[in-house]
Amino acid sequence: MNRYWSKLVGGLDPYVPGEQPQDQQYIKLNTNESPYPPAPGVEQVLKNFAIDRLRRYPDPQSSQLIAALADYHGLKSQQVFVGNGSDEVLAHAFQAFFKKDEPILFPDICYSFYPVYCALYEIDFDRIALDDSFRIDLAGYRRANGGIIIPNPNAPTGIALGLAELRELLADNPEAVVIIDEAYVDFGTDSASQLNAEFDNLLVVQTYSKSRNLAGLRLGYALGHEQLIEALQRIKNSFNSYPVNSLTSAIGLASLADEAYFNECKQRVIASRERLTRALTGLGFEVFPSSANFVFVRHPTNAAESLYLGLKASGILVRYFKTPRIDNCLRITIGTEAECDALIEALKKILS
Ligand SMILES: *Cc1c(COP(=O)(O)O)cnc(C)c1O
């Protein structure tokens, strides 16, 4: 605690992202990035982008990008909000909707950024325990609350709720905003955005970082009722008028335009996930059923921390959380076929 710091800053316990080593070359299976390059159209944007556009401020409304996203999701432009990564969109949403008298609710095991936003914005929260097989139990969300946020599929478990369960959750909580964080939705579950017409308390958040192979771009967005979107704009326009730069907007449009490439990449990831699941099961791992671009696993006899360290020593990074309930699990991002093979070979050596 420095004497110039505010009490708030002194009390923060900031989010720690997965390792991004800048020195050694690792096989990186630790931060759920895509192993495939962005769509070919993205490279064209970078080659042809009129440099003079960078002299000027970008469109503060990101109108073109928002119109394209609205069209893609079958919504009106007034139902779409864009930001500098979905982390920023989520931060604005916490501030816009979750500063309430009652605590907000989220699973005890989920995206560890949520409690960090709560501390930053001084929001109370209660964690609702996943059951023993790491599934969300909707009964825990039937109580007074100031809002609900759930990643679907959940991270780091990879387990998804179906549309019927999401509908039940929304119907149970008409007084609160329910945010469904869909960072991994494209890898095998239904988007709650189909329910936007039915529920004015639903906010769906998606990102270009995982399924669009563009984590470095920092582009995320929210879909929801016009009045929820207006609240996000009010926060954004009180914070930063230009969160999405002109190059990011152009790249975002190009990525969205190539549906065939998008589908091909996610099908490859899903196929590799199924193959990796079989191989890990063959090595004795328990693999939780994943609808995401990662698998969550544990071994009956080998401690996760030592497996993590052993893999790191062999040049492979996976994610290990030293957190209650999951400190004997590893989260492994789906890499290319060759990267998955290298992981299996390294594990065979470590286990033998
Ligand atoms: C990766 C991730 C995000 C953050 O995505 P960005 O758009 O890169 O900021 C948000 N929520 C969950 C659950 C994630 O895994």
Once all protein chains are kept in place, Y117 shows an accessible area at probe 1.4 Å, nearest 10 Å², of 10 Å²
Length gained, S314-M1, 0.36 nm per residue minus C-alpha separation, equals 108.8 nm
In nanometres, the difference between 0.36 nm per residue of separation and the alpha-carbon distance of N328 and Q24 is 106.8 nm
HN-Hα couplings for the stretch 126-141 via Karplus (6.51, -1.76, 1.60; θ = phi - 60°), in whole Hz with x for Gly/Pro, come out as 10, 8, 9, 5, 5, 6, 5, 9, 6, 9, 6, 9, 4, 4, x, 9
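Given +1 on the Cβ of Lys and Arg, -1 on the Cβ of Asp and Glu, and no further charges, what dipole in debye does the stretch 41-258 carry about its Cα centre, rounded to the nearest 20?
Working: 17 positive and 28 negative charges, 189 e Å.
In debye, rounded to 20, the stretch 41-258 gives about 900.
Taking only protein heavy atoms into account and a 1.4 Å probe, give the accessible area per residue of the stretch 58-113 in Å².
Details: 2200 Å² over 56 residues.
Averaged over the residues of the stretch 58-113, the accessible area is 39 Å².
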Mean accessible area per residue over the stretch 241-330 (1.4 angstrom probe, all protein chains present, square angstrom) is 42 Å²
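Return the Rg/Rh ratio of the chain with Cα-based radii and a Kirkwood Rh. Provide the component values of the computation, followed by the final result.
On the way: Rg = 20.5 Å, Rh = 21.3 Å.
My calculation puts Rg/Rh at 0.96.
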Under Stokes-Einstein, the stretch 86-182 at 10 °C and 1.306 mPa s, with its Kirkwood radius over C-alpha pairs, diffuses with a coefficient in µm²/s of 119 µm²/s
Whole-percent tail of the Cα-Cα distance distribution for the stretch 231-345, cut at 22 Å, equals 50 percent
Summing -39500 (n - 2.57) over every DSSP H run of at least 4 in the chain, dividing by its residue total and rounding to the nearest 500, the 222 nm mean residue ellipticity is -11000 deg cm²/dmol
Rounded to the nearest 0.05, FRET efficiency between Q194 and Q61 (Cβ-Cβ, R0 22 Å) equals 0.25
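Using only the heavy atoms of the protein chains and a 1.4 Å probe, how would T336, T323 rank by accessible area, largest first?
Values: T336 35, T323 60 Å².
Accessible-area ranking of T336, T323, largest first: T323, T336.
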Listed by chain and number, the residues whose amide H is under 5 Å from that of I104, excluding neighbours fewer than 5 places away on the same chain and using placed H, are D124, F125, D126, G146
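Between F49 and D132, what is the FRET efficiency for a Förster distance of 56 Å, r being their Cβ-Cβ separation, to the nearest 0.05?
Numbers: r = 52 Å, r/R0 = 0.92.
So the FRET efficiency works out to roughly 0.60.
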Dimensionless Rg/Rh of the stretch 88-134, both radii on Cα and Rh by Kirkwood, sits at 1.00
Taking only protein heavy atoms and a 1.4 Å probe, the highest-to-lowest accessible-area order of Y57, Y221, Y72 is Y57, Y72, Y221
Using a 1.4 Å probe on heavy atoms of the protein chains only, the accessible area for E168 in Å², nearest 10, reads 80 Å²
Cross-link reach from K100 to lysines, straight Cα distance under 29 Å and at least 8 residues apart if same chain, gives K7, K76, K236
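Counting only protein heavy atoms and a 1.4 Å probe, tell me what percentage of the chain's accessible area is made up of carbon and sulfur. Spell out each step's value before the answer.
Working: 8160 of 16350 Å².
Carbon and sulfur together cover 50 percent of it.
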Residue span E345 to Q267: 0.36 nm per residue of separation minus Cα-Cα distance leaves a gain in nm of 25.7 nm
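I'd like to compare 89-96, 124-131, 109-116: which one has the highest average count of other Cβ atoms within 10 Å, and what's the full order after that?
Numbers: 89-96: 23.2, 124-131: 15.6, 109-116: 19.2.
Put in order of decreasing packing, that is 89-96, 109-116, 124-131.
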To the nearest 0.05, the calculated FRET efficiency linking A144 and L12 through their beta-carbon distance, R0 being 35 Å, is 0.80
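Using mean Cβ contacts within 10 Å as the protection proxy, how do 289-300, 241-252, 150-161 order, highest first?
In descending order of packing, they fall as 150-161, 289-300, 241-252.
The values are calculated or read from the model by the stated rules, or taken from the named source; none is laboratory data. Please read all numbers here as calculations on a predicted model, not as lab measurements. Glycine also receives a Cβ, built like all others from the backbone with ideal geometry; neighbour counts cover every protein chain displayed. The protein model used for the area step is the full one, side chains on, heavy atoms only, and it has no ligands, DNA or RNA in it. Shrake-Rupley method; radii C 1.70, N 1.55, O 1.52, S 1.80 Å.
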